[in-house]
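The values are calculated or read from the model by the stated rules, or taken from the named source; none is laboratory data. Keep in mind it's a predicted model, so treat the numbers as computed, not measured. All Cβ positions, even for glycine, are placed from backbone atoms using ideal geometry, and neighbour counts span all protein chains on display. SASA here: full protein model, heavy atoms, side chains in, ligands and nucleic acids out. Shrake-Rupley method; radii C 1.70, N 1.55, O 1.52, S 1.80 Å.
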Amino acid sequence: MANQRRDAAEVRASALASGVRLRIIRLTRTQAMTNKELAERLGRDPATTLHHVRKLVDAGLLEPQAARRGNRGAREIPYRSNGLPWARGPQNEGPIAEAMLAAFLSEAGELDMKDVDQVRFVLDLTPERREEYERRLEELFEEFDHDAVAPETERTAVYIAVYPSV
C-alpha cells in the first residue's frame, strides 16, 4: 500500500512539473475542453498537447467527460480538471516550482501589460515577522480558494513569490 501511495505521489509530482500542464489544469477548471481546443488555446501541436493531457489523466488531475461530436462529426473527448487548490511547501520545490514560474511567464506573456497589476517591494522582517507574513498570506489564499465558481465570477490569476533579496 505504501508503494502505491508513493507511486501515485510520484506520478502526480511528475504531472505537475510542467508549466503547460499547470495551464491545462487552470483552463479546464471551469469548463471542459477537448485536446484540440486546448492545443489551439495554448498555441501547441495537438499531439504534444495530448501527451500532456494523458499525463494529467493518469495522475488523476484531469477527468475525461462524455464524448461528443465535433464540427466535422469526429468523436471528441472533453476533459475537466478536478481542480488544483493553491498549495505551497515542499511539493513546490524543484521541477514543480520551475513549472509554476513557467506557467506564470507564459500566461503573463500573452497579456497586454496594462492588464497586469503588479507590485514589487522589499520588506525588512525578523524571522518571526516573515513567518507571520507568510502565514497571513496563506490564510488569505485559503479563504478565497474555497469561493464557489459561478457565472458572474471573473477568473483572476495570482502569482506571488517570496524570496531573499540580495
For this session: Note down all Cβ pairs under 7 Å where the first residue falls in region 49-65 and is of a type in the set (Ser, Thr, Tyr), the second is part of a helix (DSSP H, G or I), and they're at least six residues apart or on different chains.
Result: 49/35; 49/38; 49/39; 49/42
For this session: Within region 137-147, track down each residue that is assigned to a loop (DSSP other than H, G, I, E, B) and open to solvent by 100 Å² or more (accessible area, probe 1.4 Å).
Result: 146
Exercise. Under 6 Å by Cβ, and 6 or more places apart or on different chains, what pairs join a residue from region 102-121 that is surrounded by 14 or more Cβ atoms within 10 Å (Cβ to Cβ) with one that is modelled with pLDDT of 85 or more and outside any loop (DSSP other than H, G, I, E, B)?
Worked result: 102/19; 103/19; 103/22; 103/23; 106/19
Problem set entry | Scope region 46-73; condition open to solvent by less than 50 Å² (accessible area, probe 1.4 Å) and among the polar types (S, T, N, Q); matching residues | 49
For this session: Please list, ordered by first then second residue, the pairs with beta carbon atoms under 6 Å, 6 or more apart or interchain, first in region 34-45 and open to solvent by 70 Å² or more (accessible area, probe 1.4 Å), second in a helix (DSSP H, G or I).
Result: 36/46
Exercise. From 108, 161, 150, which residue is modelled with pLDDT under 85 and not in a loop (DSSP other than H, G, I, E, B)?
Worked result: 108
